[in-house]
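Below: the structure, in structure tokens.
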Amino acid sequence: MRISRALLALATLFALLSPLSTAEAAPVPKKGVSTWYMNGVTQALQDSRVSWYYNWDSGRAGIASPAGVEFVPMIWGPNHVTDQRLNEAKNSGTTLLGFNEPDLAGQSNMTVDQALNLWPRLQATGMRLGSPAVAYGGDRAGGWLDRFLAGARARGYRVDFITLHWYGSDFSDAAVGHLKSYVDAVWNKYRVKIWLTEFSLIDWSTGTARYPTQAQLARFATNSGAMLNAHPAVERYAWFALPTDRSGTGLYHGATPNEVGRAYRAIG
């Protein structure tokens, strides 16, 4: 059977443009997302081309992981350091995220000594272990993370990578540089690989959240994703957040991406 050059060219073009093409469907190794349960969450995780996700919990909480997308459990705070949750984490993954924003009263709200005293319970899981994720100041001498890491070294505890959060209040193209400067500063201070497990653009300066436009946020997603993929110190990163129902920076309404979701999906 002969196929004309025109038909062959048309078939090739269709394959390149098809949203189901193998290249577009492949997960991006570093790219992840934070999420909670929503209708369509499994389809959204698959469509977004992330390679991993987490939900601030020790188990999946009703989320079915798509093929090739890894779930990473977390021990959120002191009340979650239980045999039941630690066993659930061990049965759910191979890497464990430490406490969530212990430096904030509205989050896990832990002293450095409290976190250090509980750390052997997390370490005993045998899982690869990420530091507590501070909300800010990870590069600051004498800050919460600095004191925790110093205490962990003194006690001979294991911390396999540093976990960070970052939110930018500058919605211009300079935001990517601000994020990179923070990541660089933490890397230069500790020389330990980094997971950026929450990041986006939100301005809290007035006490009420102010969000960028979809166009501003989409541009930041595109440019920050390219920067993080290329950064040698960054092992993984996760956008905040996958759903749109409780976040002005969300990517998907059910299984349907918004403008920012389409930009995040296209990062590769």
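No lab work stands behind these numbers, since they all come straight from the coordinates. Keep in mind that this is a model prediction, so the values were computed, not measured. Ideal geometry is used to build each Cβ from the backbone, glycine not excepted, and the neighbour counts take in all protein chains shown.
Both radii are taken from the alpha-carbon atoms of segment 69-120; with Rh as the Kirkwood radius, Rg/Rh is 0.99. Annotation for D245 and A124: the two label points, set 7 Å from Cα along the Cα-Cβ direction, are 3.7 nm apart. Once both labels are positioned 7 Å from their Cα atoms along Cα-to-Cβ, the gap between D160 and R147 label points is 2.8 nm.
Report the far tail of the P(r) of the chain, meaning the percent of Cα-Cα pairs longer than 33 Å.
The share of Cα pairs beyond 33 Å in the chain comes to 22 percent.
Relative contact order, whole percent, for segment 117-172 stands at 42, derived from Cα pairs under 8 Å and 6 or more residues apart. When the Gaussian network model of the chain links Cα atoms closer than 10 Å, the mean-square fluctuations of N229, N100, N79 top out at N79. Given their separation in residues at 0.36 nm each and the Cα-Cα distance between them, R210 and D170 gain 13.3 nm when the chain is fully extended. Loop-located trypsin sites (Lys or Arg not before Pro) in segment 131-189 (DSSP state other than H, G, I, E, B) with a sparse environment of at most 16 neighbouring Cβ atoms within 10 Å: R140, R158.
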